[in-house]
Amino acid sequence: MLQVVTQPQVPGKAANHNGPIAIRVEGLGKNFDKIQAVQDVSFEVEEGQIVSLLGPNGAGKTTTLSMLACLLRPDSGDAWIMDYSIKTEAAAVKQAIGVVPQEIALYSDLSAKENLQFWGKMYGLRGPKLTGRVEEILELVGLTERQKGPVAKFSGGMKRRLNIGVALLHRPQVLYMDEPTVGIDPQSRRNILDSVKKLNREGMTVLYTTHYMEEAQELSNRIIIMDQGKVIVQGTHQELVKIVGEQDRINLTVSQVVPKEIAERWHALEGVNRVSLNEDNSLTLLVSDSNLILPNLFEVATGLGARITSVDIQEPNLEAVFLHLTGRGLRDS
Amino acid sequence: MRIFTLAFKDLLQTTRDVRTAVFVVVMPLLFTYFLIAVNGGASGSSTDSRLALAFINHDPNGIVSAQFFNLLGNSEVVRLGVPDENAQARISEQVRDGTYTAAVIVPAGYSEQLIAGTPVKPQVIVDQGSESGQSALNAIETASDRLQGALQTARQTTQTFEARQPFTDATARQNFFNEALAAATGAWKTPTLTVRTEQGGTQSTGNQVSPATQLSPGILVQFVVLGLVSICVVFFLERKTQTLSRMLTTPISPLGILLGHGLAMAGLIFFQEILLITFGQIAFGVDYLRDPLAVLLVMVALAVWAASLGLLIAVFARVMEQVVMFSLIAMFTLSTLGGCWFPLEITGPVFSTIGHLTPSAWAMEGFQNVIVRGQGIGAVLLPVGILMAYTVVFFSIVTWKFQRRTSLNMA
C-alpha cells in the first residue's frame, strides 16, 4: 500500500502488513548539535522482506541504520527489532542483527580466517561451532583458498565479500547493509546483489540502504525514500512510480546560453511539469509526453541562440519520483 | 570472555607491527645498557646499593670506636666509606651534594670517655628531610644503641669477674674488658630479633643511587609510555575505521571494549617490565629480587596506569601522527619531571615537588624504595596507591571521552 508521508507522521501507521514484523520504527529522531539528522522516522519491515532505504547522501539513512543497530541512542522515538527495543533491550537486538557497514570493517593485518574467528567470538561463538561456521562463511564468500592471507592484500571485491561474511557468522535474523556496493567494480557489485537475494530467499530479513535507485528497484519488496532526515514516501516500486503518473523524464545539456534563462522558458511550455537545474548545468524536465514536447524544447532553445548538445529520455522511475517530490535529482542532492 | 578475545586480538596485531619490537624491546634495552655504561655502572660496581656513610674517626686507636665501625660495617642499610683528609674537610658539602647520605664523626677520646662512663656522642651530618637520610640516621642510632648495650655488658661482665677474681693489673683488666666488649659487639651480628623499619614517606632520595639503580628503573618507567605506541595505534585505527562501529554492534559493551584494549596494553607493558627488570637484575645487579612481591606490586600498578594513559592517548588523538606525538610528549614530560633520568632530590624542592605530581615519580619511588633503600612491601603501598588513583582518574576521562566520541550510552 502506497503511503506518501506528510509531516507530522503518524507513528505505527507506516504501512499495512500481512506477515510478522521484523523491524518496527516509530517516530525515530536524532539531532547532532543543532542539526536534525533524522526526524520522526516511522516504518515497518516484515520478516523475510528486503526493504531499501533510498536517498541521497545526507538523507539520514546511515544515522537511521546506526540507531537501529544500537550504535546511536535516539533522541526521540523507539524501534523494535524482532520485538526487542533498541532503547531498553540493546543486547538482545545486537544478537538478532548482523551489520554490514559502508566501509570495510576488517583488520587488514589479520588473515581472513583470523578476522572471522575474532568476530565470531565477539558474537559469542566458541569451539567447534565457531570453527564450523568460519569454514562455512569462507566457502560462502569464496575465500577458502585465501583464508590465511592478510586482508591487506585482498582486492576490493574480496574485502567486500568478507565484510558481508562477518555479519553472517552468528546467523542473524535481520541483516542491515549500509551502501555495501559503494566504490566497487560492476562484477563485485553483481555478486553482492546476488548474495543479498540468496540470503533473502533463505528467509533473512534485509534492510538495505543505498543511493542507487537501480539497486533499490532490483532488490526490494518495499522502498522507503528519505530526504533531509525524513521519510518522504514509502511503498513498492510500482506504487512509488505511480506518484509521477505517466510523466517522462528528460535530461538535456545545453550550451551558449545561461541555463537558468532557458529553464524558465521551458517551464512555461504546456506539458512541462517541472524543470530542475543540476549542478553540472544540465537540466532535468518532467514532461507529460516527451515525443510531443521535444520539438518545442528545441524551438525555444534555438530562439535563445542555445544549442542542445545531449538529450536523454527516461520512463518513470524512482529518480523521477524523488525529483517530483523534492525538486532535486537523487544524485544531485 | 569477549574482553580477553579483544585483548588477545590486540596483542596479535601488535606483535605483527615492527614498531613493537623497536619500542618495547630493542630501544629500552639499548638505552638501559648504554646509559648505565656511560655513567660507569656497567662494570658491576653498583651491586652494593646500600646508602653511603662516611666514617671519620678522630679516635683512631680507640677500642670502642673500632667496635662502632664494626657495627656500622655490618649494617644492611649503610655501607661505610672512609674519606681522606681533603674530603673530611668538605664532608658537609659532600653530604649535601649526595656523595654520602650521611657522615659520622667520632670525636677524639671517644673510647676513653665511654669506658670511663662519661656520656659522649659522635657527631652526625645528615639531611633528615630525606627518606634515605632518615634511614641512614636510623642505622647509625641502631649501631650506637647496640654499642651502648655492648659497653654496658662488658662493664658488668668485667665487674662481676673482678668481684670473684681480681685482675693482676690494669692491663689485664683492660684486656678482659676489650674481649668482653668485642664478644658483646660480635653478638649483634646474629641478633635473636631483627627489626626492619619501613617508611612510606613522600621524601625520596636517590642522591646516593648508583647509575644502575637510578637508570634501570628510570628507563623502564620512561619506555612504558613509548612501548604503548604500537598498541595505541591499533585502538586508534579501530576508532577511525568502522571496525569499532562494527564491534559496537556485537554484544560487547562499550566499557568492555575499553577494558579489552586496556588489558592488552597492560599485558604488553608488563611483558616489557619483566624484560627490563630481568636485564637490570642480571646485567647490572640491580637488586629487584630484594623483595619480589613489593616489586611485583609496583610493576602491576605501573602497567595498569600506563594502560590508562595509552587509552587516554588513543581516545584523544585525532590523527595517527598525534598518537606518536602525544606518546613522545608524555614520555619526555613524565620522564623528566618524574626523576627517571636523575634523582629528584638534586633538583631542589620546587622541581621535586612538581615532579611528585607525576605518576612516573611515584613509580620511581616505588622501585627505589626497594632496590635503593632496601625497604619492603610497606614502602611501596603509597606509590602503588597513588598510581592506582591516577589510573582511576585517567580511566574516568577515557570513559567520558569515548562516550562523547561514539555518542553512546555507556550504561
Review point. How about region A:142-167: which of its residues are among the aliphatic types (A, V, I, L, M) and surrounded by 21 or more Cβ atoms within 10 Å (Cβ to Cβ)?
Key: A:143, A:151, A:162, A:164, A:166, A:167
Review point. Within region B:333-343, is there a residue that is among the aromatic types (Phe, Trp, Tyr) and modelled with pLDDT of 85 or more?
Key: no
Revision key, fill the gap. Given (1) in a helix (DSSP H, G or I); (2) closer than 17 Å to residue B:32 by Cα; (3) open to solvent by less than 20 Å² (accessible area, probe 1.4 Å), residue B:340 misses just (1)
Exercise for review: Keeping to region A:185-199, report how many residues are more than 15 Å from residue A:220 (Cα to Cα) and among the small types (Gly, Ala, Ser).
Suggested key: 1
Study note, to complete from the structure: Those residues of region B:380-396 which are hydrophobic (A, V, I, L, M, F, W, C) and either in contact with an Asp or Glu (Cβ under 6 Å, 6 or more places away or on another chain) or surrounded by 15 or more Cβ atoms within 10 Å (Cβ to Cβ) (or both) amount to B:380, B:381, B:382, B:384, B:386, B:387, B:388, B:394, B:395
Review point. Pick from A:103, A:136, A:114: which is within 11 Å of chain B (Cβ to nearest Cβ), part of a helix (DSSP H, G or I), among the charged types (D, E, K, R) and out of contact with any helix residue (DSSP H, G or I) (no Cβ under 6 Å at 6 or more places or on another chain)?
Key: A:114
Practice item. Out of the residues in region A:21-53 that are modelled with pLDDT of 90 or more and outside any strand (DSSP E or B), state the one that is nearest to residue A:219 (Cα to Cα). Key: A:49
Practice item. Please work out which residue is least open to solvent (accessible area, probe 1.4 Å), limiting yourself to region B:236-263 and to residues that are among the charged types (D, E, K, R) and either more than 9 Å from every other protein chain (Cβ to nearest Cβ) or outside any helix (DSSP H, G or I) (or both). Key: B:239
Check your understanding: If you take the residues of region A:117-130 that are facing chain B (nearest Cβ under 7 Å) and of a type outside the set (A, V, I, L, M), which of them is most open to solvent (accessible area, probe 1.4 Å)?
Key -> A:121
Practice item. Among what's in region A:69-93 and is crowded, with 16+ Cβ neighbours inside 10 Å and among the acidic types (Asp, Glu), pick the residue that is modelled with the highest pLDDT. Key: A:78
**Study point:** Hits in region B:126-141 (condition: touching a residue at least 40 places away in the same chain (Cβ under 8 Å) and surrounded by fewer than 18 Cβ atoms within 10 Å (Cβ to Cβ))
**Key:** B:129, B:138
Check your understanding: Do the conditions hold for residue B:41, that is, is it at pLDDT below 80 and crowded, with 22+ Cβ neighbours inside 10 Å?
Key -> yes
Exercise for review: Give the residues of region B:81-97 that are buried (at least 16 other Cβ atoms within 10 Å of the Cβ) and not in a helix (DSSP H, G or I), sorted by residue number.
Suggested key: B:83
Point to revise | Number of positions in region A:46-86 that are within 9 Å of another protein chain (Cβ to nearest Cβ) and without any contact (Cβ under 8 Å) to a residue 60 or more places away in the chain | key: 5
**Study point:** Out of A:292, A:318, A:297, A:283, sole residue that is hydrophobic (A, V, I, L, M, F, W, C) and modelled with pLDDT under 85
**Key:** A:318
Point to revise | From the options A:189, A:222, A:201, A:249, residue that is under 24 Å from residue A:102 (Cα atoms) and open to solvent by less than 40 Å² (accessible area, probe 1.4 Å) | key: A:222
Review point. What number of residues within region A:69-120 satisfy the criterion of being over 28 Å from residue A:34 (Cβ atoms) and of a type in the set (Lys, Arg)?
Key: 2
Review point. Considering only region A:260-299, how many residues are of a type outside the set (Lys, Arg) and open to solvent by 20 Å² or more (accessible area, probe 1.4 Å)?
Key: 22
**Study point:** Boolean, residue B:352 is hydroxyl-bearing (Ser, Thr, Tyr) and crowded, with 23+ Cβ neighbours inside 10 Å
**Key:** no
Review point. Among the listed residues A:96, A:167, which satisfies the condition of being within 30 Å of residue A:77 (Cα to Cα), at the interface with chain B (Cβ under 9 Å from one of its Cβ atoms) and at pLDDT 90 or above?
Key: A:167
Review point. Does at least one position in region A:169-178 carry a residue that is polar (S, T, N, Q), within 20 Å of the chain's Cα centre (by Cα), open to solvent by less than 10 Å² (accessible area, probe 1.4 Å) and under 24 Å from residue A:50 (Cβ atoms)?
Key: no
Review point. Can you tell me which residue in region B:4-20 is farthest from the other protein chains (Cβ to nearest Cβ), limited to those that are open to solvent by less than 50 Å² (accessible area, probe 1.4 Å) and out of contact with any His (no Cβ under 9 Å at 6 or more places or on another chain)?
Key: B:20
Revision key, fill the gap. By residue number, the members of region B:98-120 that are open to solvent by 50 Å² or more (accessible area, probe 1.4 Å) and under 22 Å from the mean Cα position of the chain (by Cα) are B:99
Review point. In region B:102-161, what residues are basic (Lys, Arg) and within 17 Å of residue B:56 (Cβ to Cβ)?
Key: B:121
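The values are calculated or read from the model by the stated rules, or taken from the named source; none is laboratory data. None of these values were measured; they are calculated from a predicted model. Using ideal geometry, Cβ is built from the backbone for each residue, glycine included, and neighbour counts are taken over all protein chains shown. Surface accessibility is based on the protein's heavy atoms, side chains included, excluding ligands, DNA and RNA. Shrake-Rupley method; radii C 1.70, N 1.55, O 1.52, S 1.80 Å.
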